[in-house]
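Undergrad: Pasting in a structure now, in structure tokens, and then I'll have a few things to ask.
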Amino acid sequence: MLPIVALVGRPNVGKSTLFNRLLRKARAITHDLPGVTRDRIYGECRMGDVRFDLVDTGGMVLESEATPELSKDFEDEIFEQAQEAIEEANAIIFVVDGKEGLTPLDQQAAEYVRRSGKPVFMLVNKVDGSEFAPQMTGEFHELGIEFMPVSAAHGYNLHEVRHRVKQFV
Ligand code: GDP
Ligand code: MG
């Protein structure tokens, strides 16, 4: 069995977009609506001589979050998916949204991920160019998790992500 790396974070931060970019093919459905990824989706990644299974999840929807588009059952279901993904993972890529900035949900999700005790690497996504990186990522330092600014949509820093993930699997 290959090591498992799980993409977790709240809905709409770009996990599925990242999943597709890292796999170099469109497997996960991406959408503006939160919670589109219901089940966990697996894809085998090969980065040089390192192989692992990357897992996309619907996202951490925590109890404090009321999302009008999602029913409670659906929220419960995708939260459970994220929870199970964390449990089975060897390492976690925690994704946040640099455009929206740090939210209370990110803080809760970070706490949850940290509690798992697994190696965690954070991606501040939607930094659509290096010139935006410093002002978009500053506030994420307070989570105390090593991170990298990326743009899943435009490819910014994804080469570095591949390199970093290889070391941490
Ligand atoms: P998920 O719910 O975390 O899986 O998020 P998705 O991958 O479905 O993406 C949610 C929305 O964010 C979609 O409209 C994406 O096109 C958009 N998005 C994802 N990555 C980026 C990015 O790097 N930059 C920008 N500007 N938008 C992005
Ligand atoms: Mg998704």
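Computed from the coordinates by the stated procedures, all read-outs in this text should not be read as laboratory data. No experiment lies behind these values; they were computed from the predicted model shown. Note that we place each Cβ from the backbone using ideal geometry, even for glycine, and neighbour counts take in every protein chain shown.
Undergrad: Can you quote the Å³ per residue value for the convex hull of the Cα atoms in the range 77-169, rounded to an integer?
TA: 99
Undergrad: Please list, in order along the range 154-165, the HN-Hα scalar couplings obtained from phi with the Karplus expression 6.51 cos²θ - 1.76 cosθ + 1.60 (θ = phi - 60°), rounded to whole Hz, x for Gly and Pro.
TA: With coefficients 6.51, -1.76 and 1.60, one gets 9, x, 4, 6, 5, 4, 5, 4, 4, 4, 5, 4 Hz.
Undergrad: Fully extended, how many nm does the chain gain between residue 114 and residue 162 (0.36 nm per residue separation, minus their Cα-Cα distance)?
TA: Gain on stretching residue 114 to residue 162: 15.1 nm.
Undergrad: Follow-up question, since we're still on this one. Report the extension gain between residue 25 and residue 99 in nm, rounded to one decimal, defined as 0.36 nm multiplied by the number of residues separating them, less their alpha carbon distance.
TA: Length difference between fully extended and current span is 24.2 nm.
Undergrad: Ordered by residue, what ³J(HN,Hα) values in Hz, to whole numbers, does the range 6-11 give under the Karplus form 6.51 cos²θ - 1.76 cosθ + 1.60, where θ = phi - 60° and Gly and Pro are x?
TA: Values per residue, Gly and Pro as x: 9, 8, 10, x, 5, x Hz.
Undergrad: Right, next: Could you tell me the calculated FRET efficiency between residue 90 and residue 154, based on Cβ-Cβ distance and R0 = 30 angstrom, to the nearest 0.05?
TA: 0.55
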